[in-house]
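The values are calculated or read from the model by the stated rules, or taken from the named source; none is laboratory data. Everything numeric here is computed off the predicted structure, so don't read it as measured data. So basically every Cβ, Gly included, is an ideal-geometry build from the backbone, and we count neighbours across all protein chains shown.
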Amino acid sequence: MVKLTKTKDEIIKRANELAIEYETKYKGCGQCTFMAIVDAMRWGGLEIIPKDMEDRFFPGVCVLTGGVGLSGEGTCGAVASGTLAIGLALGLRRESINENLFRQSCAIVRDALLDRYYQKYHSLLCKDIQRKFFGKAWDLTRDEMSAEFLGISKGCVISEGAMWATEVILDEFDKGNVKG
């Protein structure tokens, strides 16, 4: 069994730090949230995806940004990427999936992650979260609005989403639901 090399609090704090750092480097909520979770977990001793797979996942999580493809109309990229990371950590396999495991994994995401967004933002949608967080929503498909948003976003919900998803993964690890 995998042993963590850092405490739960240290790993969650690291996810927060990386999320803030990555927003200045990679920009979008999808990729910043996902990579902050993956890198914080690896730093703490738990590998969600092999290092050599990061470049394969990166383009996919990039287009989750801004409510999918910067549309603002879909699920917040931090929510979507956090969900993806949790799903990877839970490790359902095609050859061994069953209705119970599938439903249990969905319940973990719904009850431990999505409920936090609903409680705080009353939505999972990008534009709704922007309005709640900033008091307005931007059309991120327009360069000038995207630049304005990035100029004030300070991570938007990236760091919060990375911390929440990391905490869920660590809680499930403690319960034996994440093998590593």
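To keep it simple, each residue is scored yes or no on (1) farther than 19 Å from THR65 by Cα; (2) more than 10 Å from the chain's Cα centre (by Cα).
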{"residue": "THR5", "(1), (2)": "yes, yes"}
{"residue": "ASN16", "(1), (2)": "no, yes"}
{"residue": "CYS29", "(1), (2)": "no, no"}
{"residue": "THR33", "(1), (2)": "no, no"}
{"residue": "ILE37", "(1), (2)": "no, no"}
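Within segment 18-39, at least one residue is of a type in the set (Gly, Ala, Ser) and within 17 Å of GLU167 (Cβ to Cβ). Any residue at all in segment 93-115 that's touching a helix residue (DSSP H, G or I) at 6+ places or on another chain (Cβ under 9 Å), at pLDDT 95 or above, of a type outside the set (A, V, I, L, M, F, W, C) and within 17 Å of ILE158 (Cα to Cα)? The answer is no; no qualifying residue exists.
Of the residues making up segment 125-180, those that are among the aliphatic types (A, V, I, L, M), more than 30 Å from LEU92 (Cβ to Cβ) and buried (at least 18 other Cβ atoms within 10 Å of the Cβ) are ALA137, LEU140.
Scanning segment 5-50 for residues that are at pLDDT 95 or above, surrounded by fewer than 22 Cβ atoms within 10 Å (Cβ to Cβ) and of a type in the set (Phe, Trp, Tyr) yields one hit, TRP43. Within segment 82-124, restricting attention to residues that are farther than 17 Å from GLU172 by Cα and either under 12 Å from the mean Cα position of the chain (by Cα) or among the aromatic types (Phe, Trp, Tyr) (or both), the residue that is surrounded by the most Cβ atoms within 10 Å (Cβ to Cβ) is TYR117.
The single residue among ILE169, ILE158 that is under 20 Å from VAL63 (Cα atoms) and at pLDDT 90 or above turns out to be ILE158.
Return the total of residues in segment 128-150 being of a type in the set (Ser, Thr, Tyr) and either over 22 Å from the mean Cα position of the chain (by Cα) or modelled with pLDDT under 90 (or both).
1
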